Amino acid sequence: EAELKKALPPEPAMACAVEEGPTVAQKVFIRGDYASEGEAAPKVFPQVLERPDDPVVEKGSGRLQLAAWLTSGKNPMTARVMVNRLWLGHFDEGIVRTPDNFGKMGERPTHPELLDWLATRFVEGGWSVKKMQKLMMMSAAYQMSSDPSAGEVAADPENRLLGHFNRRRLSVEEVRDAMLAIDGTIDYEMGGTLQKGFGTDGENSNGRLSLNPEKVKRRMVYLPLRRSNLPSILNLFDFGDAVTPMGKRVLTNVAPQALFAMNSGFVQERSDAIAKELLHEYPSDQRARLTEAYRRILNRAPTADETDRLLTYVARFREKFPARTEEVAWQSVSHILFASSEFFYLD
């Protein structure tokens with residue numbers, strides 16, 4: 001028997017899912033007591049949203065009818081909410097600035113015609129998130145400068161008219177993955193899981209704790225998280241509430257975030273790797289070395305003033321610490337660029 005078990009193929013991946021069962025005529029449970037049944041509670045759509053031609057649920061759970069209703073062309077709300085979330089992700093503010101509330105208590109859209117046009121294109125494109133994001137990022141609104149004129153600031157201080165691009169701080173996932181991508185250590189493997197164990201037994205055992213994003217090279221999207229055990233780096237950089245839905249994360253700007261960039265071993269490791277590559281590729285040309293550091297980390301060439309200042313910094317670093325190697329000086333330069341506001345913000 002043991003040999004037969006060893007010869008069996010591995011079990012397929014399991015997922016939490018539902019399936020249709022017998023139709024249940026549900027009733028209201030008085031005070032939540034399933035043994036105290038009240039009036040019938042048929043499967044119907046909310047009265048405030050329903051229309052005369054909405055499907056009637058006679059059999060099954062009603063999930064299929066609900067899915068068809070949500071994605072129906074007669075129900076534009078689903079597409080509007082989705083494209084608004086995508087717009088918020090790229091522009092830092094949604095066309096509707098209350099992404100969790102499209103009701104009477106929420107804000108009106110700043111550009112209602114644009115919202116409807118995007119929602120229509122989204123549905124026509126087969127609900128493709130990739131196509132919609134490409135459309136937004138190729139727009140003139142996305143490619144505008146984030147440096148507004150004095151007149152624009154005076155006339156529209158909240159930039160509701162999209163006169164310029166909103167400067168946006170990268171999310172913690174973007175910052176972490178970008179650092180790994182820049183030094184070439186990120187693991188681009190697709191699919192699979194890093195999850196170990198099954199069930200809820202031993203929830204707080206070492207095998208069930210969240211993985212530390214600073215110790216793993218896989219992209220953040222593949223890292224399993226425990227709501228009661230979020231890694232410190234996520235809490236530090238305003239990761240979303242893992243317990244409740246959140247359309248937009250609360251953004252903070254506090255000293256510990258800068259201290260992380262200055263003192264984190266994770267950032268230091270990335271700086272070390274970049275410095276070694278720069279010295280290998282440009283063993284004698286410091287200006288070319290600095291230009292490549294800027295290109296990799298900040299995606300641009302340094303200005304003449306920046307070049308002079310950092311090369312002077314390297315020279316003074318070697319004078320102050322003569323026992324340290326050239327590599328250490330360039331580790332410091334790379335670290336400065338990684339810790340800069342320009343790296344953490346999208347202009």
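The values are calculated or read from the model by the stated rules, or taken from the named source; none is laboratory data. If you're wondering where the values come from, they're calculated on a predicted model, not measured in any experiment. Heads up, the Cβs are rebuilt from the backbone with ideal geometry, glycines too, and the neighbour counts pull from every protein chain shown. With ligands, DNA and RNA removed, areas are computed over all heavy atoms of the protein, side chains included. Shrake-Rupley method; radii C 1.70, N 1.55, O 1.52, S 1.80 Å.
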Given H placed 1.01 Å from N in the peptide plane, which residues other than close sequence neighbours of residue 218 have an amide H under 5 Å from its amide H?
187
Show that you can apply the helix-only estimate: for the chain, add -39,500 (n - 2.57) for every DSSP H stretch of four or more residues, divide by all residues, and state [θ] at 222 nm to the nearest 500.
-12500 deg cm²/dmol
Rounded to 10°, Cα long-axis angle of helix 172-182 versus longest principal axis of the chain
50 degrees
Relative to the compact-globule estimate 2.2 N^0.38 Å (N residues), the Cα gyration radius of region 9-115 stands at a ratio of 1.49
Portion, in percent, of the accessible area of the chain that falls on carbon or sulfur, probe 1.4 Å:
57 percent
Roughly what angle does helix 112-124 make with the longest principal axis of the chain, taking Cα atoms, 0 to 90 degrees, to the nearest 10?
80 degrees
So, with +1 on the Cβ of K and R and -1 on the Cβ of D and E, and no other charges, what is the size of the charge dipole of the chain about its Cα centre, to the nearest 20 debye?
100 debye
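For a 26 Å ceiling on Cα separation, which of these pairs sit above it: 104/131; 104/248; 131/215?
Over 26 Å apart, Cα to Cα: 104/131; 131/215.
Which value, in Å², gives the accessible area per residue of region 127-199 when a 1.4 Å probe is used on the protein heavy atoms? Provide the component values of the computation, followed by the final result.
Numbers: 4470 Å² over 73 residues.
About 61 Å² of surface per residue is accessible.
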Per DSSP, the loop-located trypsin sites (Lys or Arg not before Pro) within region 247-342 having at most 13 other beta carbons within 10 Å are 249, 300, 324
Cleavage-rule hits (chymotrypsin sites (Phe, Trp or Tyr not before Pro)) in region 7-73: DSSP loop, at most 11 neighbouring Cβ within 10 angstrom
34
The Cα radius of gyration of the chain, divided by 2.2 N^0.38 Å with N its residue count, comes to 1.32
Give the long-range amide H neighbours of residue 98: residues separated by 5 or more places, or on another chain, with amide H under 5 Å away, using H modelled in the peptide plane at 1.01 Å from N.
107
Return one quarter of the surface area of the convex hull spanned by the alpha-carbon atoms of region 235-322, equal to its mean projected area, in nm².
8.4 nm²
For region 272-347, diffusion coefficient by Stokes-Einstein and Kirkwood Rh (Cα), 4 °C, 1.567 mPa s, µm²/s:
103 µm²/s
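So for region 66-165, what percent of the C-alpha to C-alpha distances run longer than 22 Å? Display every interim value, and only then the final one.
Details: 1598 of 4950 pairs.
Counting every Cα pair in region 66-165, those more than 22 Å apart make up 32 percent.
Exactly which trypsin sites (Lys or Arg not before Pro) in region 40-87 are in a DSSP loop and have at most 15 other Cβ atoms within 10 Å?
Values: sites: 43, 59, 63, 74, 80, 85; in loops: 43, 59, 74.
Passing both the DSSP loop test and the Cβ count: 59, 74.
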How far, in degrees from 0 to 90, does helix 326-338 lean away from the longest principal axis of the Cα atoms of the chain, to the nearest 10?
40 degrees
Suppose we flag GluC sites (Glu not before Pro) only when DSSP calls them loop and at most 13 other Cβ atoms lie within 10 Å. Which is the longest uninterrupted stretch of the chain?
204-347
